[in-house]
Amino acid sequence: GNSVTQMEGPVTLSEEAFLTINCTYTATGYPSLFWYVQYPGEGLQLLLKATKADDKGSNKGFEATYRKETTSFHLEKGSVQVSDSAVYFCALSDRTGGFKTIFGAGTRLFVKA
Amino acid sequence: SQTIHQWPATLVQPVGSPLSLECTVEGTSNPNLYWYRQAAGRGLQLLFYSVGIGQISSEVPQNLSASRPQDRQFILSSKKLLLSDSGFYLCAWSVRGAQETQYFGPGTRLLVL
(Lines give C-alpha, C1' and ligand atoms only; values in the text may rest on other atoms or scores of the structure.)
Protein backbone atom coordinates (compact mmCIF):
# COMPACT_ATOMS: atom_id res chain seq x y z
CA GLY A 1 0.00 0.00 0.00
CA ASN A 2 0.89 3.67 -0.16
CA SER A 3 3.04 5.15 2.57
CA VAL A 4 5.07 8.24 3.45
CA THR A 5 8.19 8.32 5.58
CA GLN A 6 9.70 11.54 6.80
CA MET A 7 12.62 12.31 9.04
CA GLU A 8 12.00 12.32 12.75
CA GLY A 9 12.25 15.53 14.66
CA PRO A 10 12.50 17.75 16.33
CA VAL A 11 14.81 19.74 14.12
CA THR A 12 16.37 22.75 15.82
CA LEU A 13 18.05 25.45 13.74
CA SER A 14 19.30 28.96 14.22
CA GLU A 15 17.70 31.77 12.27
CA GLU A 16 19.01 32.06 8.68
CA ALA A 17 20.20 28.44 8.64
CA PHE A 18 19.49 26.10 5.72
CA LEU A 19 16.63 23.64 6.19
CA THR A 20 16.15 20.18 4.74
CA ILE A 21 13.39 17.84 5.85
CA ASN A 22 13.59 14.48 4.11
CA CYS A 23 10.51 12.68 2.77
CA THR A 24 10.27 9.44 0.82
CA TYR A 25 7.19 7.65 -0.39
CA THR A 26 5.88 4.34 -1.61
CA ALA A 27 3.02 4.31 -4.08
CA THR A 28 1.61 1.89 -6.60
CA GLY A 29 0.42 4.59 -8.99
CA TYR A 30 1.53 8.11 -9.88
CA PRO A 31 0.75 10.18 -6.81
CA SER A 32 0.63 13.88 -6.23
CA LEU A 33 2.91 14.98 -3.42
CA PHE A 34 2.34 17.66 -0.81
CA TRP A 35 3.87 19.48 2.11
CA TYR A 36 1.47 20.77 4.75
CA VAL A 37 2.43 23.00 7.68
CA GLN A 38 0.79 23.15 11.11
CA TYR A 39 1.48 26.17 13.30
CA PRO A 40 0.97 25.77 17.06
CA GLY A 41 -2.67 25.25 18.01
CA GLU A 42 -3.92 25.40 14.43
CA GLY A 43 -5.06 23.08 11.69
CA LEU A 44 -2.91 22.09 8.74
CA GLN A 45 -2.50 24.28 5.70
CA LEU A 46 -1.10 23.45 2.32
CA LEU A 47 2.45 24.73 1.88
CA LEU A 48 3.26 23.42 -1.59
CA LYS A 49 2.55 20.55 -3.94
CA ALA A 50 3.80 18.81 -7.08
CA THR A 51 1.67 16.63 -9.32
CA LYS A 52 4.18 14.86 -11.58
CA ALA A 53 7.80 13.80 -11.75
CA ASP A 54 10.41 16.59 -11.85
CA ASP A 55 7.85 19.22 -10.86
CA LYS A 56 9.05 21.69 -8.26
CA GLY A 57 6.58 23.08 -5.76
CA SER A 58 7.44 26.36 -4.07
CA ASN A 59 5.88 28.80 -1.62
CA LYS A 60 7.12 31.28 1.00
CA GLY A 61 10.74 30.44 0.23
CA PHE A 62 10.20 26.69 0.65
CA GLU A 63 10.84 24.31 -2.25
CA ALA A 64 10.46 20.60 -2.94
CA THR A 65 11.13 18.64 -6.13
CA TYR A 66 9.23 15.48 -7.08
CA ARG A 67 11.96 12.88 -7.67
CA LYS A 68 10.44 9.71 -9.09
CA GLU A 69 13.78 7.92 -9.43
CA THR A 70 14.46 8.23 -5.71
CA THR A 71 10.77 8.36 -4.65
CA SER A 72 11.51 11.49 -2.66
CA PHE A 73 10.06 14.94 -2.04
CA HIS A 74 12.48 16.68 0.31
CA LEU A 75 11.52 20.10 1.70
CA GLU A 76 14.17 22.84 1.61
CA LYS A 77 14.50 26.48 2.56
CA GLY A 78 17.63 28.53 2.19
CA SER A 79 17.20 30.76 5.24
CA VAL A 80 14.72 29.92 7.98
CA GLN A 81 13.02 32.43 10.26
CA VAL A 82 11.66 32.10 13.78
CA SER A 83 8.17 32.30 12.27
CA ASP A 84 8.84 29.05 10.37
CA SER A 85 8.69 27.12 13.65
CA ALA A 86 5.91 24.59 13.09
CA VAL A 87 5.23 20.93 12.31
CA TYR A 88 5.69 19.93 8.67
CA PHE A 89 3.83 17.00 7.12
CA CYS A 90 4.73 15.28 3.88
CA ALA A 91 1.75 13.66 2.15
CA LEU A 92 0.67 11.89 -1.00
CA SER A 93 -2.62 11.48 -2.83
CA ASP A 94 -3.06 8.76 -5.38
CA ARG A 95 -5.98 8.02 -7.68
CA THR A 96 -5.57 4.30 -7.01
CA GLY A 97 -6.08 5.05 -3.32
CA GLY A 98 -9.36 6.77 -4.06
CA PHE A 99 -7.72 10.16 -3.60
CA LYS A 100 -7.35 9.61 0.11
CA THR A 101 -4.35 11.49 1.42
CA ILE A 102 -1.62 9.60 3.23
CA PHE A 103 0.33 11.73 5.72
CA GLY A 104 3.76 11.23 7.17
CA ALA A 105 4.23 11.41 10.93
CA GLY A 106 5.29 15.06 10.85
CA THR A 107 8.56 16.80 11.65
CA ARG A 108 8.65 19.52 14.27
CA LEU A 109 10.94 22.46 13.46
CA PHE A 110 12.21 24.89 16.08
CA VAL A 111 14.01 28.00 14.86
CA LYS A 112 16.02 29.98 17.44
CA ALA A 113 16.64 33.70 17.14
CA SER B 1 -13.94 32.16 -0.77
CA GLN B 2 -14.30 28.89 1.09
CA THR B 3 -14.09 28.62 4.85
CA ILE B 4 -14.33 25.72 7.23
CA HIS B 5 -15.51 25.99 10.82
CA GLN B 6 -15.15 23.62 13.73
CA TRP B 7 -16.58 23.84 17.21
CA PRO B 8 -16.01 23.76 19.99
CA ALA B 9 -12.36 24.78 19.92
CA THR B 10 -11.61 23.04 23.21
CA LEU B 11 -13.54 20.44 25.16
CA VAL B 12 -12.94 18.66 28.45
CA GLN B 13 -15.18 15.65 29.02
CA PRO B 14 -15.35 12.86 31.62
CA VAL B 15 -14.87 9.24 30.63
CA GLY B 16 -18.16 7.66 29.60
CA SER B 17 -19.80 10.92 28.52
CA PRO B 18 -21.13 11.50 24.98
CA LEU B 19 -19.41 13.59 22.32
CA SER B 20 -20.55 15.71 19.43
CA LEU B 21 -18.12 17.73 17.32
CA GLU B 22 -19.38 19.76 14.40
CA CYS B 23 -17.77 20.89 11.19
CA THR B 24 -19.30 23.12 8.53
CA VAL B 25 -17.96 24.32 5.21
CA GLU B 26 -18.98 27.53 3.45
CA GLY B 27 -18.46 28.70 -0.09
CA THR B 28 -18.47 25.35 -1.87
CA SER B 29 -20.93 22.62 -2.82
CA ASN B 30 -20.68 18.84 -2.78
CA PRO B 31 -17.34 18.71 -0.98
CA ASN B 32 -15.64 15.56 0.20
CA LEU B 33 -15.39 15.78 3.98
CA TYR B 34 -12.91 14.16 6.36
CA TRP B 35 -12.36 13.67 10.09
CA TYR B 36 -8.81 13.14 11.35
CA ARG B 37 -7.40 12.63 14.83
CA GLN B 38 -3.96 13.79 15.84
CA ALA B 39 -2.68 12.36 19.10
CA ALA B 40 -0.09 14.40 21.01
CA GLY B 41 3.19 14.37 19.11
CA ARG B 42 1.84 12.02 16.48
CA GLY B 43 0.76 12.21 12.87
CA LEU B 44 -2.73 12.30 11.44
CA GLN B 45 -5.06 9.34 11.55
CA LEU B 46 -7.98 9.36 9.11
CA LEU B 47 -11.15 8.42 10.99
CA PHE B 48 -13.98 8.96 8.50
CA TYR B 49 -14.60 10.42 5.09
CA SER B 50 -17.75 11.27 3.19
CA VAL B 51 -18.42 11.83 -0.50
CA GLY B 52 -22.04 12.89 -0.05
CA ILE B 53 -25.01 13.28 2.29
CA GLY B 54 -25.49 10.16 4.35
CA GLN B 55 -22.43 8.47 2.82
CA ILE B 56 -19.80 7.70 5.46
CA SER B 57 -16.73 5.50 5.18
CA SER B 58 -14.92 4.44 8.33
CA GLU B 59 -11.19 3.90 8.29
CA VAL B 60 -10.62 2.72 11.84
CA PRO B 61 -13.07 0.66 13.91
CA GLN B 62 -13.59 2.36 17.27
CA ASN B 63 -16.25 3.88 19.48
CA LEU B 64 -16.63 6.95 17.28
CA SER B 65 -19.18 7.53 14.52
CA ALA B 66 -19.76 10.21 11.93
CA SER B 67 -22.78 11.62 10.17
CA ARG B 68 -23.41 14.02 7.32
CA PRO B 69 -26.95 15.31 7.65
CA GLN B 70 -26.42 18.16 5.18
CA ASP B 71 -24.13 18.71 2.22
CA ARG B 72 -21.71 20.94 4.11
CA GLN B 73 -22.08 19.62 7.64
CA PHE B 74 -20.06 16.79 9.14
CA ILE B 75 -20.51 15.59 12.71
CA LEU B 76 -18.28 13.35 14.81
CA SER B 77 -19.96 11.57 17.72
CA SER B 78 -19.46 9.09 20.48
CA LYS B 79 -21.90 7.57 22.94
CA LYS B 80 -19.24 6.90 25.61
CA LEU B 81 -15.82 8.52 25.54
CA LEU B 82 -12.65 6.65 26.46
CA LEU B 83 -9.43 8.11 27.81
CA SER B 84 -7.78 7.13 24.54
CA ASP B 85 -10.15 9.42 22.64
CA SER B 86 -8.18 12.45 23.83
CA GLY B 87 -6.49 14.31 20.99
CA PHE B 88 -6.76 17.03 18.41
CA TYR B 89 -9.61 16.47 15.95
CA LEU B 90 -9.36 18.01 12.53
CA CYS B 91 -12.05 18.34 9.91
CA ALA B 92 -11.05 18.84 6.29
CA TRP B 93 -12.69 19.20 2.90
CA SER B 94 -11.65 18.72 -0.70
CA VAL B 95 -13.22 19.49 -4.04
CA ARG B 96 -15.29 16.63 -5.49
CA GLY B 97 -13.55 15.33 -8.59
CA ALA B 98 -10.26 17.02 -7.68
CA GLN B 99 -9.78 15.55 -4.30
CA GLU B 100 -6.07 15.90 -4.01
CA THR B 101 -5.66 19.07 -1.96
CA GLN B 102 -7.32 19.10 1.45
CA TYR B 103 -8.32 22.20 3.37
CA PHE B 104 -8.33 21.92 7.12
CA GLY B 105 -10.36 23.52 9.86
CA PRO B 106 -8.82 24.99 13.02
CA GLY B 107 -9.36 21.80 15.01
CA THR B 108 -10.96 20.80 18.31
CA ARG B 109 -8.78 19.85 21.24
CA LEU B 110 -10.49 17.12 23.29
CA LEU B 111 -9.31 16.06 26.72
CA VAL B 112 -11.03 13.07 28.28
CA LEU B 113 -10.50 12.79 32.06
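The values are calculated or read from the model by the stated rules, or taken from the named source; none is laboratory data. From a predicted model like this one, the values you see are computed outputs, not experimental measurements. Here the Cβ is made from the backbone with ideal geometry for all residues, glycine too, and neighbour counts use every protein chain on show. Ligands, DNA and RNA are excluded from the accessible area calculation, which covers all protein heavy atoms including side chains. Shrake-Rupley method; radii C 1.70, N 1.55, O 1.52, S 1.80 Å.
Only residues that are part of a loop (DSSP other than H, G, I, E, B) and at pLDDT 95 or above: list them for the range A:11-53, please.
A:Glu15, A:Glu16, A:Ala17, A:Phe18, A:Asn22 - these are the residues of the range A:11-53 that are part of a loop (DSSP other than H, G, I, E, B) and at pLDDT 95 or above.
From the list B:Gln102, B:Gln38, which one is touching a Ser or Thr at 6+ places or on another chain (Cβ under 6 Å) and facing chain A (nearest Cβ under 9 Å)?
B:Gln102
So that you can scan it fast, the table gives a plain yes or no per residue for (1) buried (at least 18 other Cβ atoms within 10 Å of the Cβ); (2) more than 15 Å from the chain's Cα centre (by Cα); (3) modelled with pLDDT of 90 or more:
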{"site": "B:Glu22", "(1), (2), (3)": "no, no, yes"}
{"site": "B:Val25", "(1), (2), (3)": "yes, no, yes"}
{"site": "B:Asn30", "(1), (2), (3)": "no, yes, yes"}
{"site": "B:Gln38", "(1), (2), (3)": "yes, no, no"}
{"site": "B:Ala92", "(1), (2), (3)": "yes, no, yes"}
{"site": "B:Ala98", "(1), (2), (3)": "no, yes, no"}
{"site": "B:Leu110", "(1), (2), (3)": "yes, no, yes"}
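Output the residues belonging to the range A:36-48 that are more than 11 Å from A:Gly106 (Cβ to Cβ) and in contact (Cβ under 8 Å) with a residue 12 or more places away in the chain.
A:Tyr39, A:Pro40, A:Leu46, A:Leu47, A:Leu48
Test A:Phe73 against the criterion of being over 23 Å from B:Gln2 (Cα atoms) and open to solvent by less than 40 Å² (accessible area, probe 1.4 Å), and give yes or no.
In short, yes.
Given the condition out of contact with any Leu (no Cβ under 9 Å at 6 or more places or on another chain), on the phi < 0 side of the Ramachandran plot and part of a strand (DSSP E or B), answer yes or no: does some residue in the range A:57-71 qualify?
yes
Do you know which of the residues in the range B:2-41 that are free of Cβ contacts under 8 Å to residues at least 60 places away in the same chain and assigned to a loop (DSSP other than H, G, I, E, B) is farthest from A:Gly41 (Cα to Cα)?
Filtering the range B:2-41 for residues that are free of Cβ contacts under 8 Å to residues at least 60 places away in the same chain and assigned to a loop (DSSP other than H, G, I, E, B), the one farthest from A:Gly41 (Cα to Cα) comes out as B:Ser29.
Taking the criterion of being within 9 Å of another protein chain (Cβ to nearest Cβ) and either open to solvent by less than 20 Å² (accessible area, probe 1.4 Å) or polar (S, T, N, Q) (or both), would at least one residue in the range B:72-86 satisfy it?
No: zero hits.
Could you tell me which numbered condition A:Leu33 fails, if it satisfies all but one of (1) within 14 Å of chain B (Cβ to nearest Cβ); (2) closer than 30 Å to B:Pro8 by Cβ?
(2)
Among the listed residues A:Gly57, A:Gly61, A:Gly78, which satisfies the condition of being over 15 Å from A:Asn2 (Cβ atoms) and surrounded by 21 or more Cβ atoms within 10 Å (Cβ to Cβ)?
A:Gly57
State whether one or more residues within the range B:42-61 are at positive phi, away from chain A (no Cβ under 14 Å) and not in a strand (DSSP E or B).
The answer is yes; a qualifying residue exists.
So if I check each of B:Tyr103, B:Tyr34, which one is open to solvent by 70 Å² or more (accessible area, probe 1.4 Å) and under 18 Å from A:Leu92 (Cα atoms)?
Criteria check complete, one pass: B:Tyr103.
Looking at A:Phe18, A:Phe89, A:Phe103, can you tell me which residue is open to solvent by 50 Å² or more (accessible area, probe 1.4 Å) and among the hydrophobic types (A, V, I, L, M, F, W, C)?
A:Phe18
Tell me which of these A:Gly41 doesn't satisfy, since it passes every other one: (1) open to solvent by 40 Å² or more (accessible area, probe 1.4 Å); (2) within 10 Å of the chain's Cα centre (by Cα).
Among (1) open to solvent by 40 Å² or more (accessible area, probe 1.4 Å); (2) within 10 Å of the chain's Cα centre (by Cα), the lone unmet condition for A:Gly41 is (2).
For A:Ser3, are the conditions met, namely being at pLDDT below 95 and open to solvent by less than 20 Å² (accessible area, probe 1.4 Å)?
So A:Ser3 fails the test.
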